[in-house]
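Colleague: This structure is in structure tokens; I'll ask about it shortly.
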Amino acid sequence: MIEFLKSQPAPQRAQVMDLLAREAVQMSVMLHLDFASEALRLSNRNIPFTDLKWGHTWGAGGGLLVGLPELSGGDDQLAPFREYRLGIPNDWIDAETWMADLVEMVGDVGGYRGRDAGLYGQLFDSESGQPVGHPFAFDIGIMDRMSVSFPRGGAIISLTTESFMARKGVPVYGMQTYHDQKRRHPTDEGLQFVTEAGKLITWTDW
Amino acid sequence: MAFIDLPAALGDARYNENFWLFGESAGAGPGLDGREQVLFSENRVWHGQIDLAPLFGDDILRARSVGTRLRGRVNLLRLPFYNLGTVTFDGNLEVFYSALGYTPSEIAAGYSSFSDGTIFDDSSGFALPDTSEPTLKFDVAANATALIVEGFIGENACQGARFSINDFLYEVEENAQGTIRFSPPLRTAATAGQTVYFSKPSILVRLKEDRSWKTFTEYGLYNSTMTVQVIEAFERD
């Protein structure tokens, strides 16, 4: 059985496969950002729905999600990160200090840095409009940097999330340099002449 | 957030009810076999266009005031619909019953008779249809696509007729004596007994662009048709 189906509840696996095989598939994209103050769960539907796995309600304030990142991966993606673009809640705009509040939120890194972020998909029955099966993850990571810009009359928050692999101390730009190696293993001189060699060294594999 | 009602005089000056339900889908294009898979989500919203007939006198000022109070895209405009083509009641009993095929004498009597003209022994006849707006028979959850209404107007609404609950607009897909399947899915939960508006349903909309209402302030435009693009709004508080 393929891994995707294993994560789906057994009674609905046949229906999930049937939906995926159709020419028109109803699927929503959901974003979970585990802010310390309140977890944010958005979807690209305009009506909230409750998932069958965790029982969370997704979609309230879906208009907040104004931009999704392009997901990429592969051998040359050692430290993938995603950048989400979020609008700001409308009720904030009514407050006179909303700009200051926003800057304060971005400055309070304890509220988001290192906390969970996840991008999921969810299939729906086209007839009933109800979710079928469990949400499936496109990307799981942690929130890292957040910045805010103020175009005229509004604000856009840019939120960077990183995959868990990005936190394993991989070298910058994916190159293992002499200094990287010395930092991990102070007595190892194995990469001493890599820089002078000026080319990519492929480690032997015998 | 403020809700601005379109003044009745301006509502009557509308040429049409040009509203359509529109959502976006995604796809990677056709495969080598020519077939294509389309991904879609329930992201349909009502898009609309208001075409107002030429305005005169204080209607010009009313129109200008609406724009000022809308404050661009900040506040919301409540638009009524006339729902032409289905059974509605606009306050005129004679028009309502005449459209349903009742004779002037039946309307005057307040009841109808058997086809041969006879009436009941107690000198009464069949009650004329109720003109009040239908109500929901049961609670309906958000996301639902079917509901049951009680009331003549709702039970006889035709396919394609529109109705509103809580200023959200819906369209009848099928109606079996009050069991109505509709689009889009119910925006917010509704409770039993709540009114379902078929006669002049309404929708809250936001201007599509900040300067959309500017057309009403341009010199000389009052004597030509004015067009404004709007889009459904979801906020209610």
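Rule-based calculations on the coordinates, nothing more; no lab input. Given the structure is predicted, the values throughout are model-derived calculations rather than measurements. Heads up, the Cβs are rebuilt from the backbone with ideal geometry, glycines too, and the neighbour counts pull from every protein chain shown.
Colleague: Cβ contacts < 9 Å: first residue within 14 Å of another protein chain (Cβ to nearest Cβ) and of a type in the set (D, E, K, R), restricted to segment B:174-186; second residue surrounded by 14 or more Cβ atoms within 10 Å (Cβ to Cβ) and not in a strand (DSSP E or B), any location; separation 6+ or different chain. Result?
Modeller: Matching pairs, first to second residue: B:Arg181/B:Thr145.
Colleague: Within segment B:7-101, considering only strands (runs of 3 or more DSSP E) that don't extend past its boundaries, which have at least 2 residues that are more than 22 Å from the chain's Cα centre (by Cα)?
Modeller: The strands (runs of 3 or more DSSP E) meeting that bar are B:25-27, B:38-40.
Colleague: Do we find a residue being of a type in the set (A, V, I, L, M), in contact (Cβ under 8 Å) with a residue 40 or more places away in the chain and within 25 Å of B:Arg211 (Cβ to Cβ) anywhere in segment B:80-103?
Modeller: Just the residues of segment B:80-103 that are of a type in the set (A, V, I, L, M), to begin with: B:84, B:87, B:93, B:95, B:99-100.
The next check asks that each one be in contact (Cβ under 8 Å) with a residue 40 or more places away in the chain; those that pass are B:84, B:87.
Subsequent filtering for residues that are within 25 Å of B:Arg211 (Cβ to Cβ) retains none.
Within segment B:80-103 (the criterion being of a type in the set (A, V, I, L, M), in contact (Cβ under 8 Å) with a residue 40 or more places away in the chain and within 25 Å of B:Arg211 (Cβ to Cβ)), the answer is no, since none of the residues qualifies.
Colleague: While we're on this one: Going by what's in this entry, would B:Phe126 be described as of a type in the set (Phe, Trp, Tyr) and within 29 Å of B:Ile107 (Cβ to Cβ)?
Modeller: Taking the combined requirement at face value, the residue satisfies it.
Colleague: Test of understanding: among B:Gly23, B:Gly48, which residue is surrounded by 12 or more Cβ atoms within 10 Å (Cβ to Cβ), within 14 Å of chain A (Cβ to nearest Cβ) and not acidic (Asp, Glu)? Please lay out each step first, then the result.
Modeller: Working: B:Gly48 fails: within 14 Å of chain A (Cβ to nearest Cβ).
Only one candidate qualifies: B:Gly23.
Colleague: Just to be sure, is B:Asp116 surrounded by 12 or more Cβ atoms within 10 Å (Cβ to Cβ) and either outside any loop (DSSP other than H, G, I, E, B) or out of contact with any Ser or Thr (no Cβ under 6 Å at 6 or more places or on another chain) (or both)?
Modeller: Spelling it out, it is not the case that B:Asp116 is surrounded by 12 or more Cβ atoms within 10 Å (Cβ to Cβ) and either outside any loop (DSSP other than H, G, I, E, B) or out of contact with any Ser or Thr (no Cβ under 6 Å at 6 or more places or on another chain) (or both).
Colleague: Scan segment B:207-229 and give yes if some residue there is closer than 23 Å to B:Glu42 by Cβ, crowded, with 18+ Cβ neighbours inside 10 Å and either in contact (Cβ under 8 Å) with a residue 40 or more places away in the chain or within 12 Å of the chain's Cα centre (by Cα) (or both), otherwise no.
Modeller: Restricting attention to segment B:207-229, the residues satisfying the condition of being closer than 23 Å to B:Glu42 by Cβ are B:208, B:229.
If we keep only those that are crowded, with 18+ Cβ neighbours inside 10 Å as well, we get none.
No; the residues of segment B:207-229 include none that is closer than 23 Å to B:Glu42 by Cβ, crowded, with 18+ Cβ neighbours inside 10 Å and either in contact (Cβ under 8 Å) with a residue 40 or more places away in the chain or within 12 Å of the chain's Cα centre (by Cα) (or both).
Colleague: Quick check on this structure: which one of A:Asp101, A:Asp144 is surrounded by 14 or more Cβ atoms within 10 Å (Cβ to Cβ) and over 30 Å from A:Arg13 (Cβ atoms)?
Modeller: On the way: A:Asp101 fails: surrounded by 14 or more Cβ atoms within 10 Å (Cβ to Cβ).
When all the criteria are applied, what remains is A:Asp144.
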